[in-house]
Amino acid sequence: MATRIRSDIELKLVETAIDTLPGGEFGNGVPDIVVREGHGGRVWDESGNEYVDFLLGSGPMLVGHSHPQVLDAAQAQLVKGTTFFANNRQGIELAREIVAAVPCAEKVRFVSTGTEADAYAMRAARAFRKRDKILKFEGGYHGMSDYALISLAPKRPGNFPQGVPDSAGIPRSVQSEMLVAPFNDIETAQALIREHHDDLAGVILEPFQRLLPPVPGFLEALRETTSEYGIPLIFDEVVTGFRLAYGGAQECFGVMPDLCTLGKVIGGGFPLAAIAGRADIMAHFDRNLVGDEGFLTQIGTLSGNPIAAAAGLATLEILKRPGSYERLFRTGQDLMDALTELLKRSGLPAQVVGMPPVFDVVFASGTMKDHRDTLRGDAEMLKRFNSLLRERGILKGHSKYYVSLAHTPEDVRHTIDAWASALEELSKTVEHKNRHPKPL
Ligand SMILES: Cc1ncc(COP(=O)(O)O)c(C=O)c1O
């Protein structure tokens, strides 16, 4: 299979990036590629190499890059002005669409990033409950706020419910405001909620945590126990919103939270995110409804940006077409099945984890139901596999394949060929003690 060429232009850009950016990158962990453009399910780097793109801008490009309808919508707004810091038609119409689509959404507040949305959702829960502590799940990603970085992905996890900060620079005091539970462990989560209910402002989770689907009954149990104590349940749907179903994970799994956060898809590739949920909790964003005492301060220069909202609306229109989700899930399932089969044949201890729109390989055997299980995955082997795939024209993040509506059967075939070739190479170079190769 063809290997990547590196043009002088791209190498110079990488050099400049190393000189000017910490780690030579924007903070996304992919410093050795400079992407020039993207169309449909493919991207090209500055050297002209073409890739089937499963990075998808870390998820927003669910309908593919440069979709003509999304570009038209954004361009139509672009010539009328780019930001107003005022209500605008696109933003209002997008809010209406979110309220219509997402089961828990009675009101919507726009921000620019998922990080902000999650931080404000936690603040809204605190304002509503007049308590401070938030329960989250180990390995759950809720953006980059101090609170969210407690036990984001600890390599050396502590004892539940004590969290550990996953970054330098987090005030010690934040640690004590967060309680941490193991994902998919109904008994522990319920016991912690019962024990701490009087201190808890809210419970936040990714209903599909990173790659881990919820075990049957887990979300329902959380819903039941939080409702019992009147504690707001927050679904972080920054990834799952409009991806697992038009109404997000709450529609897909049939469990309705009190609040949710949205991002990625709703901005159509532009910076836009939202907090949505029950009117009585969202009322804290409205001083007229809750007075000075209950008012939650939230202002953002670009919140509800009209270009992002126009692109988001166009994206949702495409997703709403009959058959969109069936096609997305079919493409993802075909990929997952093919990868599972190839891994089996390779004899490497590995499995495919996730759901058709978002999945990856974990190089470990055994059940994968929480963050600690995923730590058994051989991270070095995954890194090597990703790098072999990059050489074979597949672009993805560290630990996720994002599938899009734009991925074609040809993209799927190319990906499967690349997997087969990369696994062959990986098997040659990796001596694994548990390896039992089967004939190809
Ligand atoms: C589940 C989840 N929540 C929140 C965020 C943060 O979103 P943003 O990167 O827009 O701040 C992410 C980002 O990937 C995410 O995956």
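The values are calculated or read from the model by the stated rules, or taken from the named source; none is laboratory data. Since the model is a prediction, treat every value here as computed from it, not as a measurement. Glycine also receives a Cβ, built like all others from the backbone with ideal geometry; neighbour counts cover every protein chain displayed.
Structure above, values below:
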| quantity | calculated |
| --- | --- |
| Some residue of the range 144-151 being within 16 Å of the ligand (Cβ to nearest atom), at pLDDT 95 or above, touching a His at 6+ places or on another chain (Cβ under 8 Å) and closer than 26 Å to residue 254 by Cβ | no |
| Number of the exception - residue 285 against (1) without any contact (Cβ under 8 Å) to a residue 24 or more places away in the chain; (2) of a type outside the set (A, V, I, L, M); (3) under 21 Å from residue 103 (Cβ atoms) | (1) |
| Residues of the range 284-294 satisfying the condition of being surrounded by fewer than 20 Cβ atoms within 10 Å (Cβ to Cβ) and either in contact with a helix residue (DSSP H, G or I) (Cβ under 7 Å, 6 or more places away or on another chain) or part of a loop (DSSP other than H, G, I, E, B) (or both) | 286, 289, 290, 294 |
| Subset of the range 409-433 (residues that are surrounded by 15 or more Cβ atoms within 10 Å (Cβ to Cβ) and assigned to a loop (DSSP other than H, G, I, E, B)) | 430, 432 |
| Single match in 328, 302, 259 (criterion: touching a residue at least 60 places away in the same chain (Cβ under 8 Å), within 19 Å of residue 405 (Cα to Cα) and of a type outside the set (D, E, K, R)) | 328 |
| Flag if residue 404 is part of a loop (DSSP other than H, G, I, E, B), in contact (Cβ under 8 Å) with a residue 60 or more places away in the chain and over 20 Å from residue 32 (Cβ atoms) | yes |
| Strands (runs of 3 or more DSSP E) completely within the range 172-274 that count 2 or more residues being more than 13 Å from the ligand (Cβ to nearest atom) | 178-181, 200-205 |
| Top-ranked residue of the range 104-122 - restricted to ones that are within 14 Å of the chain's Cα centre (by Cα) and under 22 Å from residue 219 (Cβ atoms), ranked as farthest from the ligand (Cβ to nearest atom) | 117 |
| So residue 299, is it in contact with a strand residue (DSSP E or B) (Cβ under 6 Å, 6 or more places away or on another chain) and farther than 23 Å from residue 70 by Cβ | no |
| Residues of the range 299-319 classified as surrounded by 22 or more Cβ atoms within 10 Å (Cβ to Cβ) and among the hydroxyl-bearing types (Ser, Thr, Tyr), total | 1 |
| Some residue of the range 224-237 being under 28 Å from residue 60 (Cβ atoms), aliphatic (A, V, I, L, M) and surrounded by fewer than 20 Cβ atoms within 10 Å (Cβ to Cβ) | no |
| Test: residue in the range 357-365 that is among the acidic types (Asp, Glu) and assigned to a strand (DSSP E or B) | yes |
| Count - residues of the range 35-59 that are at positive phi and acidic (Asp, Glu) | 0 |
| Cβ pairs under 7 Å, 6+ apart, first in the range 412-426 and β-branched (Val, Ile, Thr), second in a helix (DSSP H, G or I) | 412/331; 412/334; 412/335; 415/335; 416/338 |
| Candidate set: the range 124-173, residues that are in contact (Cβ under 8 Å) with a residue 24 or more places away in the chain and β-branched (Val, Ile, Thr); chosen: the one surrounded by the fewest Cβ atoms within 10 Å (Cβ to Cβ) | 170 |
| Meets criteria (of a type in the set (Lys, Arg), surrounded by 19 or more Cβ atoms within 10 Å (Cβ to Cβ) and touching a residue at least 40 places away in the same chain (Cβ under 8 Å)) for residue 392 | yes |
| Of all residues in the range 33-61 being of a type in the set (Ser, Thr, Tyr) and either outside the structural domain of residue 389 (by TED's automatic domain parsing) or away from the ligand (no atom under 16 Å from the Cβ) (or both), the one that is nearest to the chain's Cα centre (by Cα) | 51 |
| The one condition in (1) more than 16 Å from the ligand (Cβ to nearest atom); (2) farther than 19 Å from residue 239 by Cβ that residue 125 fails to fulfil | (1) |
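One line per residue, one yes/no per condition, for (1) under 30 Å from residue 181 (Cα atoms); (2) touching an Asp or Glu at 6+ places or on another chain (Cβ under 8 Å):
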{"residue": "235", "(1), (2)": "yes, yes"}
{"residue": "272", "(1), (2)": "yes, no"}
{"residue": "285", "(1), (2)": "yes, no"}
{"residue": "319", "(1), (2)": "no, no"}
